[in-house]
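See structure below.
Values in this text are rule-based calculations from the coordinates and carry no lab data. Owing to the predicted nature of the structure, the values given are computational and were not obtained by experimental measurement. Counting neighbours? That spans all protein chains shown, and the Cβs are built from the backbone with ideal geometry, glycine included.
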Amino acid sequence: MPKQEDGLDGVFRALASPTRRQVLERLSRGPAAASELAEPFAMALPSFMQHLQVLERCGLVRSEKRGRVRTFRLAPARLTQAETWMERTRRLWEARLDRLDDYLLRVKEGDG
């Protein structure tokens, strides 16, 4: 298995690509061989394999090779970590915006 990138930076870099997001969406329905995952994309298999390597390095997918077939499956723990970070950040900014809204209402009413 390739060395996994530390932190969420690699996850967000991987998610920045529409191709990789589509691969993750497909893998959410179950494991698939690399060739099956590559079918919908108009690119050479070696180029597509680079996308799979990015996903595997950051820990979003895992692969297993049996004979000549490499099968990929979703590794949801890394997605959960990203989701947790986004939720925490969303709550922080909602609280800040709520405080700003309260302040602006006080200023508008002359209580500021």
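Exactly one of these conditions fails for SER35: (1) surrounded by 15 or more Cβ atoms within 10 Å (Cβ to Cβ); (2) of a type in the set (Ser, Thr, Tyr); (3) assigned to a helix (DSSP H, G or I). Give me its number.
(1)
Please find, within segment 55-112, the residue that is surrounded by the most Cβ atoms within 10 Å (Cβ to Cβ) out of those that are of a type in the set (S, T, N, Q) and not in a strand (DSSP E or B). I'd like the intermediate steps shown before the answer.
Quick first cut of segment 55-112, residues of a type in the set (S, T, N, Q) only: 63, 71, 80-81, 84, 89.
Then drop every residue that is not not in a strand (DSSP E or B), which leaves 80-81, 84, 89.
On the way: THR80: 10, GLN81: 14, THR84: 11, THR89: 10.
The extreme case among them is GLN81.
Does any residue of segment 8-19 turn out to be surrounded by 15 or more Cβ atoms within 10 Å (Cβ to Cβ), small (Gly, Ala, Ser) and touching a strand residue (DSSP E or B) at 6+ places or on another chain (Cβ under 7 Å)?
Scanning segment 8-19, I find no residue that is surrounded by 15 or more Cβ atoms within 10 Å (Cβ to Cβ), small (Gly, Ala, Ser) and touching a strand residue (DSSP E or B) at 6+ places or on another chain (Cβ under 7 Å), so the answer is no.
Looking only at residues in segment 38-48 that are aliphatic (A, V, I, L, M) and surrounded by fewer than 17 Cβ atoms within 10 Å (Cβ to Cβ), which one is farthest from GLU83 (Cα to Cα)?
We begin by selecting, within segment 38-48, every residue aliphatic (A, V, I, L, M); these are 38, 42-45.
Then keep just the ones that are surrounded by fewer than 17 Cβ atoms within 10 Å (Cβ to Cβ); that gives 42-45.
On the way: ALA42: 30, MET43: 30, ALA44: 32, LEU45: 30 Å.
Only one residue fits best here, namely ALA44.
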